[in-house]
Structure formats: C-alpha cells, structure tokens
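Below is one structure; the comments refer to it alone.
Coordinate-derived values only; no laboratory data. On a predicted model such as this, the values are computed, not experimentally measured, just so you know. Ideal geometry is used to build each Cβ from the backbone, glycine not excepted, and the neighbour counts take in all protein chains shown.
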C-alpha cells in the first residue's frame, strides 16, 4: 500500500518519496516538500484540515487535498 501525507497520524514520521509536481504548488516545493526529506505530522486542525507538518525543520500547513498527492514511506521508531 502506498502512503501519502494524508495517511499520517499525529506524531508519525515519514520520508517523502514522490511529489506530483503538476498538482503541488511551487511554494511547497520551495519550502522543502521534496523527495528525500523527513516529514512529521505535528497537529491536525479541527475537522481534519489542514495538516500542520514539520518538514526538515520548516513548519507548514497543508490542506488534505494537496497532501494526498505527496507519497511517503512511513518511518517506524
């Protein structure tokens, strides 16, 4: 099963493996949302949207409709 950022639960971490650049805003790519970067779900807003993430030390809020296009490998600690 392929996981996306939308599958993360609070406190879980993953490694970004693929980003569909056609569907991801350029601003997210510039802020580090790139393959090979570590991502952690810090907080989920009420009604589960947006997601508050830590990507290589940068804090970002991403809507679920965008997060489903970013593939990750879950990291088990």
- Here the residues within the stretch 64-77 that are under 10 Å from residue 5 (Cα atoms) and not in a helix (DSSP H, G or I) are 68, 69, 70, 71, 72, 73, 74
- Scanning the stretch 38-49 for residues that are within 11 Å of the chain's Cα centre (by Cα) and more than 11 Å from residue 9 (Cα to Cα), the one surrounded by the most Cβ atoms within 10 Å (Cβ to Cβ) turns out to be 39
- Within the stretch 23-37, is there a residue that is exposed (fewer than 14 other Cβ atoms within 10 Å of the Cβ), part of a strand (DSSP E or B) and in contact with a strand residue (DSSP E or B) (Cβ under 8 Å, 6 or more places away or on another chain)? no
- Message: Anything in the stretch 38-59 that is over 14 Å from residue 6 (Cβ atoms) and in a strand (DSSP E or B)? List them, or say none.
- Response: 38, 40, 42, 43, 54, 55, 58, 59
- Query: Scanning the stretch 1-22 for residues that are touching a residue at least 60 places away in the same chain (Cβ under 8 Å) and part of a loop (DSSP other than H, G, I, E, B), which turns out farthest from residue 71 (Cα to Cα)?
  - Reply: 12
- Task: Within the stretch 56-77, work out how many residues are within 14 Å of residue 18 (Cα to Cα) and touching a strand residue (DSSP E or B) at 6+ places or on another chain (Cβ under 8 Å).
- Result: 8
